[in-house]
1. Could you check, for the stretch B:173-191, whether at least one of its residues is under 23 Å from B:ILE48 (Cα atoms), crowded, with 22+ Cβ neighbours inside 10 Å and at pLDDT below 95?
2. Tally time: how many residues in the stretch B:25-60 are closer than 20 Å to B:VAL216 by Cα and either acidic (Asp, Glu) or not in a helix (DSSP H, G or I) (or both)?
3. Quick check, is B:ILE73 free of Cβ contacts under 8 Å to residues at least 60 places away in the same chain, surrounded by 14 or more Cβ atoms within 10 Å (Cβ to Cβ) and assigned by TED's automatic domain parsing to the domain that holds B:PRO163?
4. Under the condition of being assigned to a loop (DSSP other than H, G, I, E, B) and charged (D, E, K, R), which residue from the stretch B:67-91 is nearest to the other protein chains (Cβ to nearest Cβ)?
5. What number of residues in the stretch B:118-134 are among the acidic types (Asp, Glu) and closer than 22 Å to B:ASN88 by Cβ?
6. When you look at A:VAL106, is it more than 10 Å from every other protein chain (Cβ to nearest Cβ), modelled with pLDDT of 95 or more, in a helix (DSSP H, G or I) and in contact with a Ser or Thr (Cβ under 8 Å, 6 or more places away or on another chain), yes or no?
7. Between B:LEU254, B:LEU296, B:LEU234, which is more than 19 Å from B:SER201 (Cβ to Cβ), crowded, with 16+ Cβ neighbours inside 10 Å, touching a residue at least 12 places away in the same chain (Cβ under 8 Å) and not β-branched (Val, Ile, Thr)?
8. Which of the following residues is within 13 Å of chain A (Cβ to nearest Cβ) and in contact with a Ser or Thr (Cβ under 7 Å, 6 or more places away or on another chain): B:ILE64, B:ILE50?
Amino acid sequence: MWIAYQTIVVKEILRFARIWVQTIVPPVVTTSLYLLIFGGLMGERIGHMQGIDYLHFIVPGIILMTVIMQSYANTVSSFFLTKYNHSFEELLVSPVPNWVILLGFVSGGVTRGLCVGIAVTFAISFFVELGVYSYGILAVSFLLTSVMFALAGFINAIFAKSFDDISIVPTFVLLPLTYLGGMFYSIDILPSFWRSLSAFNPIFYMMDGFRLGMLGVGSTELYLAFLVPLAMIALLAAVALYLLKKGVNTKT
Amino acid sequence: MALALSTSALSKTYSNGFEALKAVDLKVEKGDFFALLGSNGAGKTTAIGIICGLIKSSAGSVEIDGLDQQKHINDVKRKIGLMPQEFNFNPHEPNIEILINQAGYFGINRKEARVRAEDLLKKINLWDRRLEVPQSLSGGMKRRLMLARALMHSPEILILDEPTAGVDVEIRRSMWRFLKQLNEEGLTIILTTHYLEEAESMCRNIAILNEGRIVVQSSMKDLLKKAKHQILILECVESLSENIKIRRCECEVLDEHTLQITLPESMSISDVITKLLLKNITVAHIRSAQNRLENLFLSLTSKES
């Protein structure tokens with residue numbers, strides 16, 4: 001099992017590393033632009049958020065958004081392509097259990113999330129002096145977020161039948177949820193109705209936990225920042241394994 | 001003789017209602033070189049897909065080396081190597097990586113997998129192309145790469161779905177030699193092909209599928225004995241008259257020196273040559289107009305049958 005898992009992970013890492021110009025560079029450029037426009041130009045007019053300088057305030061959100069997008073993009077594109085070019089049959093004819101397949105692809109997504117997250121953090125360090133409030137909270141928040149979105153990307157790939165199907169969710173679901181999850185603002189400034197609505201957005205909890213780990217400020221309880229993504233991970237993993245077992249869109 | 005593969009009442013109905021397999025019973029002995037023939041849509045690829053775990057059966061069972069496929073799916077998968085009909089590589093992955101990864105899925109570490117990959121790539125003459133990607137290979141090379149991939153985990157049964165489709169004659173013959181050698185070393189091989197001369201020359205046993213049913217399963221020798229007639233083309237030294245007749249044979253003069261004779265199974269070629277000699281016709285060259293297996297195949301799978 002370990003060798004099969006290792007094989008899938010190495011294959012996944014080599015895949016996104018081979019096309020680093022498509023996978024690593026664009027998020028770094030986008031992040032730099034975000035910081036320049038929202039933080040540098042507009043941030044001075046906004047002032048402070050939760051007692052933190054606005055440019056510093058948005059940094060955790062920008063890093064986490066990158067992690068979310070990259071973890072999702074890696075599994076959705078990689079798994080969809082293995083279906084598209086039928087190379088998934090290499091795994092289907094082998095004795096690799098479904099949970100190892102899932103774990104391998106998710107690990108690939110998490111690794112890409114980590115690599116791009118580090119690259120983005122490095123780029124950000126040219127604009128902002130970065131500090132960390134708690135490495136532990138930061139690491140757990142990153143891991144839970146990355147695993148959750150890698151799983152979501154995997155499920156999207158199972159259902160996807162065309163390249164259009166793998167771009168719909170990131171554009172119309174993930175990005176709005178990320179923006180509305182407190183990436184650029186604290187939900188404390190929202191009217192009560194919108195604040196209550198934010199409680200149903202799982203990204204809000206992840207964003208809050210990550211911000212707490214980095215800046216030491218948050219809008220919700222820490223246990224919720226860990227519990228909500230954990231529950232989502234359990235649910236998504238169960239769904240993904242069920243779909244693999246049933247052979248939905250992978251076996252006829 | 002122990003069985004490498006057996007299926008019992010294996011059936012498959014697709015979601016659109018198409019019955020691809022209808023209670024197929026198949027038996028393949030260990031060490032056999034077995035031909036599974038059938039026209040397009042007969043159910044060969046579906047049967048192979050079910051045996052390898054790529055397609056879910058609707059009913060029936062599969063046993064590999066005495067193991068129930070459903071109960072021991074992982075043990076069964078370890079025993080089978082599949083070379084599918086369609087190319088199914090990641091087109092951007094280097095050829096050697098494709099082989100090493102496949103071995104990895106079967107639990108073989110990279111160091112050992114690299115040794116096996118080198119050995120196989122050299123045997124199929126692709127070692128020089130190991131760092132290239134499948135996209136840069138010709139159709140024949142891709143087929144050889146798929147063959148090597150199927151052999152990476154040293155399976156006990158090799159299933160080849162149209163292995164030589166689109167491959168030129170020279171490479172096809174070298175693949176035949178390689179497969180024969182593997183079979184002689186004890187590997188059970190199940191072959192589907194549209195080249196019937198390939199099946200006739202290589203396989204010891206045969207099953208023919210037609211519209212999802214097995215219409216015949218026997219040894220190649222016994223099946224060929226059932227061929228009711230064979231058609232020969234004779235190149236003759238003397239000029240031929242229009243009305244050559246040989247008892248129990250159909251004769252047709254194709255041109256001044258070429259004669260086509262359809263002879264019944266009870267009659268030997270030497271009988272024909274003797275009879276022609278009595279008519280002062282000397283045969284210079286002789287060849288078969290049609291493959292015997294092809295005739296049988298057509299008669300067994302035609303709508304009228």
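The values are calculated or read from the model by the stated rules, or taken from the named source; none is laboratory data. Keep in mind that this is a model prediction, so the values were computed, not measured. Cβ sites come from the backbone with ideal geometry, for glycine too, and all protein chains shown count toward neighbours.
1. yes
2. Total meeting the criteria: 19.
3. The answer is yes for B:ILE73.
4. B:GLU86
5. 1
6. On the way: more than 10 Å from every other protein chain (Cβ to nearest Cβ): yes; modelled with pLDDT of 95 or more: yes; in a helix (DSSP H, G or I): yes; in contact with a Ser or Thr (Cβ under 8 Å, 6 or more places away or on another chain): yes.
It is true that A:VAL106 is more than 10 Å from every other protein chain (Cβ to nearest Cβ), modelled with pLDDT of 95 or more, in a helix (DSSP H, G or I) and in contact with a Ser or Thr (Cβ under 8 Å, 6 or more places away or on another chain).
7. Working: B:LEU254 fails: crowded, with 16+ Cβ neighbours inside 10 Å; B:LEU296 fails: more than 19 Å from B:SER201 (Cβ to Cβ).
Checking each option against the conditions leaves just B:LEU234.
8. Working: B:ILE64 fails: in contact with a Ser or Thr (Cβ under 7 Å, 6 or more places away or on another chain).
Answer to the check: B:ILE50.
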